[in-house]
Ligand code: IVH
């Protein structure tokens, strides 16, 4: 095991290196959370082994950097950092300790968002902005006055009568989330590089040598504290904030005055939810004793004030190793890459997978197996790779030439499109996804038919085409893992129930390319029966509202396909409804009756007659057998009529048919 002294030394060196990267180059190799964890580790060790603690340790001073590219500016009052807490309990202890120190149980606190930007010090003389500086190492900062003056939220002249003759104002320079997104895309387009987060972008933009570039970056500013002021104009932090508003600064509205920890805790809950809705990044909340006299009573260390603390939100970024890039085939044959990661905690959960969207994204990120990557989870969204932190791979990742499921050729859709597709219609991975989609809630809604059942049935070779679902028996289910009587019969019932679903659901369930729920409904409403759909031309499909050329082509190609027709007919034979709700009526009066139509009908087209029969639960077949219940005959009926006579099947004409359906309706 590494000896303690060496470990402390190594941690210190590591932190110094990360600080230099972060403050000088606006870059980082690790996420903020991981940086904080390193500081914590070093702090704990230094406390436990004070013999090895050094006054110059990064834990004892404000970390930062003054670049020689800028003139340096000495702050009148040092710009300190804040101590962090990472849990509700830790924050409660800080609160209790502070209340106890001041011996005041009625203490007022202000709780404000901790803006994730870069701090700046603004020096106003007689109300005029004369210097704008970065925090630097806390004592000395970099002169970025010209750049600061390009920020619209910062008044060049304070808008109040008789301003303080000397006023050091402090706040956070930041970039809005939406502006950052646009800007990062733009910068990537021109340089091939991206900023890991909006804070790095704000810092990089503030420290430009050419202020015109800063001006283009849409930087913004929120005030949060002050340094030296010639004479007191306010007694409380909350009054200071309002005073700044009257000076012409924008005030961020999400702050609260609290008199108890319960109140604070409620505000923490609110902000933890609200942070996703804000258009600026916040990485925690800052809790401050409101009364300025009591603040001075508590005082500060070299590094941070004792009257304030930062409650840090769980980090939404983390670095980890990309172990493997896996390709998966979706329902429509599109091959998508996804990343397998070394498991890492992120916003309270352990993540081990991330989406990569498409192969162009891999190229854009220049990422390959083995690289160390920065992961991010914004809101509840699936984690994504932000950028490569450390390149370990030597080569570029190449999209697969073959489908990872069936091995057939993977085809690039077109030069413009980024997707690779497996065009083998019998690809097992696509069929699996089709099945999962078919039984899903918004499609045929077969309750209880989950992915694992699909997988087991596939393994047992019970499913070769979608319509095989309607051939599954009780015994087929009983043969699956963890199946008991009740579960098997419930599934059989659910399958039977699904046969009654409307045509629009069936169209959607068939998983036709580009055809979602909405278009399925429109098409079903317009054409009413499956039979009609089989003969709709490309032109007629494209005349339908919301169906453009691409969709019309997809629909036509699909319904023209003989394999598709075979599967649909097989479903119909097994009693699956093929009509839209309005024609389906009650629908069970002709249940189990089989019809054969022959000859030319006068009042009904064959299609219409079939629709009616089906709408009442009957079936129409093409050949006469003993099982046929009725043969509906018209003019010039041929061999089918003869066969019906031979087999003694009921023969009815149109009038008979009308009587029958009238009785049945
Ligand atoms: S008060 C003595 N209030 O967080 C420091 N700081 O990690 C007084 N920050 O350097 C600062 N939002 O740049 C304060 N509402 C807020 C803040 C805030 C962001 C920054 C500030 C500070 C850093 C400490």
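Condition check for residue 132 on (1) under 24 Å from residue 290 (Cβ atoms); (2) in contact with a helix residue (DSSP H, G or I) (Cβ under 9 Å, 6 or more places away or on another chain); (3) within 16 Å of the ligand (Cβ to nearest atom): one failure, at (1). Within the set 234, 226, 249, 222, the sole residue that is closer than 29 Å to residue 23 by Cα and more than 11 Å from the ligand (Cβ to nearest atom) turns out to be 249.
Scanning region 616-665 for residues that are touching a residue at least 40 places away in the same chain (Cβ under 8 Å) and loosely packed, with under 14 Cβ neighbours inside 10 Å yields a total of 2.
Taken over region 135-165, residues that are more than 14 Å from the ligand (Cβ to nearest atom), touching a strand residue (DSSP E or B) at 6+ places or on another chain (Cβ under 6 Å) and outside any loop (DSSP other than H, G, I, E, B) amount to 6. In this entry, residue 110 passes the filter for residues that are in contact (Cβ under 8 Å) with a residue 24 or more places away in the chain, within 16 Å of the ligand (Cβ to nearest atom) and either under 30 Å from residue 165 (Cα atoms) or surrounded by 19 or more Cβ atoms within 10 Å (Cβ to Cβ) (or both). Counting only helices (runs of 4 or more DSSP H) that fall entirely inside region 486-573 and contain at least 2 residues that are under 26 Å from residue 469 (Cα atoms), the qualifying elements are 503-509, 517-527, 530-535, 549-560, 562-573. Among the residues examined, residue 7 does not qualify as at pLDDT below 85 and surrounded by fewer than 17 Cβ atoms within 10 Å (Cβ to Cβ). Restricting region 269-287 to residues that are surrounded by fewer than 18 Cβ atoms within 10 Å (Cβ to Cβ) and assigned to a helix (DSSP H, G or I) leaves a set whose member that is modelled with the lowest pLDDT is 273.
Mind counting the residues in region 170-203 that are in a helix (DSSP H, G or I) and either under 22 Å from residue 20 (Cα atoms) or touching a helix residue (DSSP H, G or I) at 6+ places or on another chain (Cβ under 6 Å) (or both)?
Counting residues in region 170-203 that are in a helix (DSSP H, G or I) and either under 22 Å from residue 20 (Cα atoms) or touching a helix residue (DSSP H, G or I) at 6+ places or on another chain (Cβ under 6 Å) (or both) gives 7.
Hey, among the residues in region 420-466 that are in contact with a strand residue (DSSP E or B) (Cβ under 7 Å, 6 or more places away or on another chain) and crowded, with 18+ Cβ neighbours inside 10 Å, which one's farthest from residue 477 (Cα to Cα)? Filtering region 420-466 for residues that are in contact with a strand residue (DSSP E or B) (Cβ under 7 Å, 6 or more places away or on another chain) and crowded, with 18+ Cβ neighbours inside 10 Å, the one farthest from residue 477 (Cα to Cα) comes out as 420.
Could you look through region 255-268, keep only residues that are surrounded by 13 or more Cβ atoms within 10 Å (Cβ to Cβ) and away from the ligand (no atom under 16 Å from the Cβ), and pick out the one that is farthest from residue 99 (Cα to Cα)?
Taking the candidates together, the pick is 266.
Tell me whether region 506-527 contains one or more residues that are within 24 Å of residue 591 (Cα to Cα), out of contact with any helix residue (DSSP H, G or I) (no Cβ under 6 Å at 6 or more places or on another chain), crowded, with 16+ Cβ neighbours inside 10 Å and free of Cβ contacts under 8 Å to residues at least 60 places away in the same chain. Checking region 506-527: not a single residue is within 24 Å of residue 591 (Cα to Cα), out of contact with any helix residue (DSSP H, G or I) (no Cβ under 6 Å at 6 or more places or on another chain), crowded, with 16+ Cβ neighbours inside 10 Å and free of Cβ contacts under 8 Å to residues at least 60 places away in the same chain.
The values are calculated or read from the model by the stated rules, or taken from the named source; none is laboratory data. In this text, all values refer to a predicted model and were calculated from it rather than measured experimentally. Every residue, glycine as well, gets a Cβ built from its backbone with ideal geometry; the counts of neighbours run over all protein chains shown.
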